[in-house]
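First comes the structure, then the notes that go with it.
The values are calculated or read from the model by the stated rules, or taken from the named source; none is laboratory data. Since the structure is predicted, the reported quantities are computational estimates derived from the model, not experimental observations. Using ideal geometry, Cβ is built from the backbone for each residue, glycine included, and neighbour counts are taken over all protein chains shown. Note: accessible area is taken over every heavy atom of the protein model, side chains too, but ligands, DNA and RNA are not part of it. Shrake-Rupley method; radii C 1.70, N 1.55, O 1.52, S 1.80 Å.
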Amino acid sequence: MSSQGPSKGAPRRVSAPRVAVIGGGATGCAVARDLLLRGFRVTLIEFGDLGSGTSSRFHGMLQSGGRYAVSDTDYAAECMRERQIVAGLVPHVVEPTGGLFVSLQEDPPAFADEFRASCEAAEIPVEELDPETVRRDEPHLSPTIRRAFAVPDATINPWGLVTALCDDARALGGEILTRHQVTGFELAGGRIRAVRVAGGGSERTLEADCVVNAAGPWAARVAFLADQTVDLELTKGSILVFAHRFVSKAINRCRPSTSHDIMVPTGTVSLFGTTSEVVDDPDTTRVNPEEIQSLLEGGEAMIPGLRSYRAFRAWAGVRPLLKPADWSQGKPLPRRHKVINHAPLGLSGFFTVCGGSLTTHRAMAEDLGNQVCHHFRAIAPCRTATTPLASHRNTSHWRPAESFESIEAENRRDSGICECESVSQSDLDALISEGGYGLHDLRRRLRIGFGPCQGTFCAGRVAGLLAEADPGFPAEEALARFWSERLKGMTRTAWGDQARQVLLSDLVFREVMGLRLRPEILPSEDRR
Amino acid sequence: MKTDALILGSELDGLVAALRLLEQGKSVRLIATGGSSLHYAPDGLHLLGYEPGTGGAVVQNPYEAVDALPERHPYRLLGKARVRAAVDGFFERRQELGIELSSNGRNMLAVSLAGQAVPVFATGLHQAIFADLEGGAVAVFCYDGHRDFPSGITIAELRRRQIDAHLLRLEDPCGSPDSMRLARFFDSHDDTTAYFRSIRDRLPENSTCALFPAILGLDRHGEIMAAAEQALGLPCRELPTLPPSIPGMRLDRCLTKRIQKLGALLHLGAQAIGAPANNGRCDAVSDETGRRFEAETFVIATGGVLMGGLEVDSYGLAREPVFGLEVSQSGPLEADNPEEVLDALHVVGIETDDRLRPLAGGQLAYENLFVTGRTLGHWNPPKESSVEGVAIATGWAAADQACAYMEG
Ligand SMILES: Cc1cc2nc3c(=O)[nH]c(=O)nc-3n(C[C@H](O)[C@H](O)[C@H](O)COP(=O)(O)OP(=O)(O)OC[C@H]3O[C@@H](n4cnc5c(N)ncnc54)[C@H](O)[C@@H]3O)c2cc1C
């Protein structure tokens, strides 16, 4: 341990370097925890609510790495290692569904053997299943399955993850500023001096010895504020949400990775995706009608009759992958993350961490933490893999029926507020008494407005409770905006019963509540 | 048994058509899956509340605004005189129907669930309208645990509009109160006057009006309101709740009872499926259990996309599932922004002639079939705020057309 470096463990010395972490997604939250455990003083700054960026606009998987086994075996091995570590750290937000790679009639037969060999090379436990068994266990899948492989894929609740990481960071003495935006930096002599932050109606300056840019698809914009460039390739992926869990495992096509070939059961729903389209704007969340049709076509091959099932929403997220300087056009970008130390590029104390996936968020933070320690010539080994979280509960894994079971076990007979996701008044009261939460924040924490009715019945009830707790709560404006935002996703899948649901929702919000649509809703509407 | 008319759907338009046919001595059978959008609808009759094409300016006199509607709008198809005759006719029958309505011939501003001012042409007698509240001190009663009446919103919005509003919490009288249970509690209470007396001392002294969630009785509403006003000694009004809507259910029940009394045969829980055509005439409709219902004339009051009278597939194409009628649709429903999608889902529907008979390729498709309400195209219920008006006008007109057809 060098004299300038922070000491291991608390209490934190006032002389320890101050690090500003930008971005409250999985990466930023993990970075905050990593650096706090190494003894740094940390402030995390997040533009919206925690986990409201790509970390929730994703496919829901804690990946075994199977998907990358053939194309990038080392990265696949990293996914597998991290999948195990994360499931051990936050079991209450991980559902170990298991994954299946299925080779259908139209998939290249040779790929299956290559897939198995690559999984073995990456140390991903893989087991070939008899197609007959798969047809029995997953009756919705196409009957043309030729071969099938089971791998330990899992699903993860991203808000549960970032909340657990940040609770831990706070317990370690870190500061978390949500609804604060980094608007600029103060630099002197090629070094970072301070970060300018806007939030809560004012702007202020936070002194910092080091800045970590973990702003996901916005990382290039943040770097630009410090006159640095980060070459990202932003690809938008769109996802269809179905009101059923038609499959019990996460299903992948066993073929070279392409678009629209994964069905993931998560919570009470299933996510099918994704498309892939290069975009310029990290705020792009618009799903085009053509994307819906191409998703449905891809989905029909995997699950015949998919068009007749109820899809109740579509949305998109933007993947932030780094473009290496010498990369040739058209070649798929490497998945593995990268840490950029901007010192050789003229700015000392500025780091960007980007690429990777949600699955590897902890490893990304570890890599970043090592480099920050190196920068301060501190010796403080990474402890995130082995230190339990403050909120660690020795519970089993997260299961979709949990809320029903707890209502029954605790004999809670108070009124239900959201029927789709079985959220009761006592769940809400606990959060509302903390104060400061809006409708979307409660949605992310409790899943109200997540189910097939998309808040048609519960949003008014919740707004009523918020208005009771805080007479200044702008209920009418908040409801109109909440509904307008939910409608954006709902109207993308307005067919079958969901077309009726959209009109029922319209009836309730416009005719019963007397609200007007807000056509000017921005892409970041639900985040602030 | 063959009937003079077979009505598909128990929406307001179907019930009005049945009433009007029965009054003219026709035999009527009504088959429906059983749901009705009335069970979601707020109190009152909405005739035409917002001006089309002006970004939603409130209409003063609905009849004066009819000419500004699109050419193929049901009101324009029927013409102002027929719309007025139907609405007046319905209004005149309110006593025999047992429906409490009041109107001054112009739109009034009612209080919505979120405390907004929304136009309504005829109000339920005890529906809260802003004109009754302004300048006064209102006491808003709510029941503990009644989650479908989010009183916090109403209070905040009334105060924002400078109305002195006080929230008064009442004990839950029925265990897990929902709107239906509360309404039944009042319906079955032996002495509602005594109940209201027992809460009288809760009223602040300067109160000028007492507001309740719209749960004061389903079948004995009038009596219960009278008891409340007498016991509390001031005007009592109701505010909308989240669905189910008790005022909508009252209207549904009054009409259903009336048509049953006049001899209508009701089959609820029946899903019409097949209807073989025969030279531009329809003879019978089957349901999914294979029963066949023969009739001289048919009224399609199936409730449009909302109630399943029209189906939309994942390519964005709409169809009419019973008769396979031609749906007028400018293109697939894949508009770019949410508002356009809503508009498209509302305005899609069956194209008819001015006697409400469906067309195919511009030609008459059936001579003894009449389409009403939400299954008609070219109108937009929430944008215009016209849902009951169109239902009454088209249900009424369809009945008259069916009678005219039968009388040769
Ligand atoms: C469609 C799709 C599906 C995916 N599926 C999976 C999957 O199944 N499994 C998996 O492991 N990975 C998946 N990924 C990848 C994964 O979602 C991302 O790699 C990961 O979430 C990135 O997290 P992050 O914290 O780096 O970025 P983000 O979650 O985007 O966080 C960045 C944060 O920075 C904030 N920010 C930006 N600018 C500022 C500023 N100026 N000031 C303050 N804050 C700012 C943003 O608000 C945002 O919250 C998927 C990605 C996409 C797009």
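Worth a mention:
- Residues in the range A:19-53 that are more than 10 Å from the ligand (Cβ to nearest atom) and in a loop (DSSP other than H, G, I, E, B) were compared, and the one that is nearest to residue A:525 (Cα to Cα) is A:40.
- Among (1) over 26 Å from residue B:250 (Cα atoms); (2) surrounded by fewer than 19 Cβ atoms within 10 Å (Cβ to Cβ), the one test that residue B:89 misses: (1)
- One residue stands out in the range A:72-94 among those that are outside any helix (DSSP H, G or I) and open to solvent by less than 10 Å² (accessible area, probe 1.4 Å): the one that is nearest to residue A:386 (Cα to Cα), namely A:90.
- In this entry, residue B:95 is excluded by the filter for residues that are farther than 24 Å from residue A:479 by Cα, more than 14 Å from chain A (Cβ to nearest Cβ) and in a loop (DSSP other than H, G, I, E, B).
- Residue within the range A:510-523 that is open to solvent by 20 Å² or more (accessible area, probe 1.4 Å), under 18 Å from residue B:307 (Cα atoms), within 11 Å of another protein chain (Cβ to nearest Cβ) and under 28 Å from the mean Cα position of the chain (by Cα) present: no
- Failed item, numbered, when residue A:58 is tested on (1) open to solvent by less than 10 Å² (accessible area, probe 1.4 Å); (2) in contact with a strand residue (DSSP E or B) (Cβ under 7 Å, 6 or more places away or on another chain); (3) in contact (Cβ under 8 Å) with a residue 40 or more places away in the chain: (1)
- Some residue of the range B:173-183 being crowded, with 23+ Cβ neighbours inside 10 Å, in contact with a Phe, Trp or Tyr (Cβ under 9 Å, 6 or more places away or on another chain), under 26 Å from residue B:134 (Cβ atoms) and at pLDDT 95 or above: no
- The range A:126-162 - residue that is in a helix (DSSP H, G or I) and open to solvent by 50 Å² or more (accessible area, probe 1.4 Å) and, of those, farthest from the ligand (Cβ to nearest atom): A:132
- The one condition in (1) touching a helix residue (DSSP H, G or I) at 6+ places or on another chain (Cβ under 7 Å); (2) at the interface with chain B (Cβ under 10 Å from one of its Cβ atoms); (3) modelled with pLDDT of 90 or more that residue A:495 fails to fulfil: (1)
- Of the strands (runs of 3 or more DSSP E) contained entirely in the range A:247-313, those carrying at least 2 residues that are farther than 27 Å from residue B:340 by Cα, touching a Ser or Thr at 6+ places or on another chain (Cβ under 7 Å) and at pLDDT 90 or above fall at A:262-266.
- The range A:478-528: number of residues that are under 26 Å from residue A:294 (Cα atoms), assigned to a helix (DSSP H, G or I) and of a type outside the set (Gly, Ala, Ser): 14
- Taken over the range B:345-375, residues that are out of contact with any helix residue (DSSP H, G or I) (no Cβ under 9 Å at 6 or more places or on another chain) and either without any contact (Cβ under 8 Å) to a residue 12 or more places away in the chain or surrounded by fewer than 16 Cβ atoms within 10 Å (Cβ to Cβ) (or both) amount to 5.
- For the range A:144-169, a residue qualifies if it is charged (D, E, K, R) and in contact with a strand residue (DSSP E or B) (Cβ under 6 Å, 6 or more places away or on another chain), and the qualifying residues are A:146, A:147, A:153.
- Residue tally, condition away from the ligand (no atom under 16 Å from the Cβ) and touching a residue at least 12 places away in the same chain (Cβ under 8 Å), over the range A:343-370: 7
- Residues that are within 9 Å of chain A (Cβ to nearest Cβ), open to solvent by 10 Å² or more (accessible area, probe 1.4 Å) and on the phi > 0 side of the Ramachandran plot, drawn from the range B:111-151: B:145
- When the helices (runs of 4 or more DSSP H) confined to the range A:409-477 are screened for residues that are more than 12 Å from chain B (Cβ to nearest Cβ) and either in contact with a Lys or Arg (Cβ under 7 Å, 6 or more places away or on another chain) or open to solvent by 10 Å² or more (accessible area, probe 1.4 Å) (or both), those reaching at least 2 such residues are found at A:425-434, A:439-446.
- Across the range A:178-205, the qualifying residues are those that are buried (at least 19 other Cβ atoms within 10 Å of the Cβ) and among the aliphatic types (A, V, I, L, M), and the one among them that is nearest to residue A:52 (Cα to Cα) is A:182.
- Enumerated helices (runs of 4 or more DSSP H) restricted to the range B:312-408, each holding at least 1 residues that are in contact with a strand residue (DSSP E or B) (Cβ under 9 Å, 6 or more places away or on another chain) and of a type in the set (Phe, Trp, Tyr): B:387-406
- Any chance residue B:328 is open to solvent by less than 30 Å² (accessible area, probe 1.4 Å) and within 12 Å of another protein chain (Cβ to nearest Cβ): no
- Checking residue A:247 against (1) assigned by TED's automatic domain parsing to the domain that holds residue A:312; (2) β-branched (Val, Ile, Thr); (3) within 11 Å of the ligand (Cβ to nearest atom), the condition it does not meet: (3)
- So residue B:306, is it crowded, with 21+ Cβ neighbours inside 10 Å, within 14 Å of chain A (Cβ to nearest Cβ) and within 21 Å of the chain's Cα centre (by Cα): yes
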